[in-house]
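Read through the structure below, which is laid out as structure tokens, and then see the notes.
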Amino acid sequence: MTSETAPAELVRSKEKRNLFRWRPDQQWEAYLFIAPSLIGFTVFVFLAVAASLGISALNWGLSGPKGFVGLENYIQLLRDRVFWKAFGNTVFYIVTIVPLQLAIGLAIAVALNTAIRARDTFRMVYFLPVVTTIVAGAIVFRLILSKTGPLAGLVNGLGDLLNLPLAMPDMLGSTKYSKWSVVILTLWKNVGFTMVVYLAALQGVPQELYDAAHVDGASGWQRFRNVTWPLISPTTFFLFILQTIGAFQLFTEPFVMTRGGPAQSSMPVVQYIYDNAFRFTRMGKASAIAWFLFIFIFGFTLVQNIMQRRWVHYETE
């Protein structure tokens with residue numbers, strides 16, 4: 001290092017040290033503004049999560065802790081038939097809802113990214129369910145799909161009116177179709193969000209790339225496969241992770257529509273956590289299930305984050 005560059009290096013080193021130094025005259029306002037959110041996160045999220053880890057090692061009932069059980073709550077999960085049934089239902093929701101939501105949302109986004117008549121109106125209509133209260137939507141779907149009630153037979157009656165074979169099975173009372181009723185409601189609720197995110201990604205694809213592919217004689221499918229899909233793959237990865245975590249945490253839709261029935265055929269893991277905590281007052285077991293779910297989601301997300309290198313293409317690469 002020469003004598004001329006030494007003062008500059010010294011100044012940069014001093015500025016770097018001062019960057020992390022407490023300066024009351026410049027930083028206390030920032031901490032004051034973030035204090036409400038920081039205190040709320042610490043008390044209601046961080047401390048609550050830490051407390052749930054401790055509760056998972058206790059036999060915690062309605063009257064409070066009754067003793068330390070260690071890993072017994074976790075070991076019991078391995079023999080819990082209802083837990084594994086709920087976990088299987090959750091896996092079903094993931095493998096059905098997430099691919100359908102991505103495919104339908106992308107198809108609608110591609111269609112509404114073209115110059116069609118009333119394009120803004122269609123965008124608004126598809127997005128309306130996103131801002132609709134999920135409980136209200138679940139109640140309406142329950143009335144439509146139920147075999148009894150004021151809207152019972154609505155689909156069958158519409159089929160008779162149009163002379164179409166729309167005979168609807170017992171979606172809520174059958175163990176075979178109950179999960180599909182939850183899938184239909186979830187798609188109705190969330191496809192609009194997927195569409196909007198994909199629309200933003202599609203509008204960020206440079207038009208000159210499409211023009212160059214068109215000049216080279218690429219068909220519409222080839223342009224989508226070789227131009228559109230690679231450039232929107234980061235958005236697809238983001239939506240995939242977000243929607244998978246959402247499917248793992250599915251609760252309101254099955255709880256309002258089917259209460260997890262019949263015979264736990266539509267019960268997700270989160271509802272089983274709710275039942276153990278607030279119906280059976282097994283706080284220790286409920287906390288153990290919650291931590292099991294957290295570890296599984298964390299591991300799944302970590303694996304996907306590693307595997308994204310094979311199919312996600314970023315512009316900087």
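Ordered by the count of other Cβ atoms within 10 Å of each Cβ, fewest first, Thr90, Thr96 give Thr96, Thr90.
Under 5 Å from the amide H of Leu58 lie the amide H atoms of Val69, each residue being 5 or more positions distant or on a separate chain, with H modelled from the backbone and absent for Pro and chain starts. Largest first, the three principal axis extents of the alpha carbons in the range 80-310 are 65, 52, 27 Å in whole numbers.
Residues Phe193, Phe278, ranked from the fewest to the most other C-beta atoms within 10 Å, line up as Phe278, Phe193. Here the Karplus relation 6.51 cos²θ - 1.76 cosθ + 1.60, evaluated at θ = phi - 60°, turns the backbone of the range 269-278 into coupling constants of 5, 5, 5, 5, 4, 4, 4, 5, 7, 10 Hz, with x for every Gly and Pro. Once backbone amide H atoms are built at 1.01 Å from N, Ser266 has Gly261 as its partners under 5 Å, excluding neighbours fewer than 5 places away on the same chain. A simple spin-label model places the labels of Phe127 and Ala35 3.8 nm from each other, with each point 7 Å out along Cα-to-Cβ.
When Phe292, Phe141, Phe300 are arranged by Cβ crowding within 10 Å, least crowded first, meaning fewest neighbours, the order is Phe300, Phe292, Phe141. Across the range 224-240, rounded Karplus estimates of 3J(HN,Hα) from the backbone phi angles (6.51 cos²θ - 1.76 cosθ + 1.60, θ = phi - 60°) give 5, 5, 9, 10, 5, 4, x, 6, 9, 4, x, 5, 4, 5, 4, 5, 4 Hz, Gly and Pro being marked x.
Each reported figure results from applying straightforward, stated rules to the coordinates on display, with no laboratory input. Here the structure is a predicted model, which is why all the values come from computation and not from measurement. Positions of Cβ are backbone-derived with ideal geometry, glycine not excepted, and every protein chain shown enters the neighbour counts.
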